[in-house]
Amino acid sequence: MEPNSESMRNGLLARLPQPERLAEYRQEVSAFIEKNEKTVRRQKWYTGAIWIWVVGLGTVFLVIAGRYVGVPRDAGLVALYGSLACFLEIYGGLEMLKMFINRNRVELLKETKQVQLQVLELQSMLRKPGV
């Protein structure tokens, strides 16, 4: 193992909560996950608004470009408006992809923290005398 990854490993292991602080850690995790879920909900609305705006504006650009298709001297306008509509659709798709990635990141974080809390509960049960 490289020295850099060894120090990262030691840093992560040093931040593990102690089983005695389980209730406090559970509250911290719950607040952290709730904050992340609120952010994902806000981002979902933002992404929906962006998508509606992108589709509407892209449609307007394509309608404007369609009006100039038969006019030979305005072929540059057709290409310009078509390109703008294409770039807008790509931007909207990237915003949706970002939202899906963040939503799945929060879901994975929830599952990971749930497993971590279960491990801590098991450790605290094993440390109790008389078990």
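The values are calculated or read from the model by the stated rules, or taken from the named source; none is laboratory data. This structure is a prediction, so every number in the text was calculated from the model and none was measured. Neighbour counts are summed over all protein chains in view; Cβ atoms, including those assigned to glycine, are modelled from backbone coordinates with ideal geometry.
The listed residues are 84, 117, and the only one of them that is among the hydrophobic types (A, V, I, L, M, F, W, C), over 30 Å from residue 27 (Cα atoms) and assigned to a helix (DSSP H, G or I) turns out to be 84. Does residue 90 fit the bill of being over 30 Å from residue 17 (Cβ atoms) and under 30 Å from the mean Cα position of the chain (by Cα)? So residue 90 passes the test. One residue is enough: does the range 33-40 have a residue meeting the conditions surrounded by 11 or more Cβ atoms within 10 Å (Cβ to Cβ), modelled with pLDDT of 90 or more and under 30 Å from residue 127 (Cα atoms)? Among the residues of the range 33-40, at least one is surrounded by 11 or more Cβ atoms within 10 Å (Cβ to Cβ), modelled with pLDDT of 90 or more and under 30 Å from residue 127 (Cα atoms), which makes the answer yes.
Taken as a whole, the condition of being under 15 Å from residue 116 (Cβ atoms) and at pLDDT below 85 applies to residue 19. Annotation note: of 76, 92, the sole residue that is closer than 29 Å to residue 37 by Cβ and either in a helix (DSSP H, G or I) or modelled with pLDDT under 85 (or both) is 92. Within the range 48-64, can you find the residues that are among the small types (Gly, Ala, Ser) and either at positive phi or without any contact (Cβ under 8 Å) to a residue 12 or more places away in the chain (or both)? Hits for the range 48-64 are 48, 49, 56.
Yes/no matrix, rows are residues, columns are (1) of a type in the set (A, V, I, L, M, F, W, C); (2) touching a helix residue (DSSP H, G or I) at 6+ places or on another chain (Cβ under 8 Å):
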| residue | (1), (2) |
| --- | --- |
| 38 | no, no |
| 44 | no, yes |
| 62 | yes, yes |
| 83 | no, no |
| 90 | yes, no |
| 119 | yes, no |
| 124 | no, yes |
| 127 | no, yes |
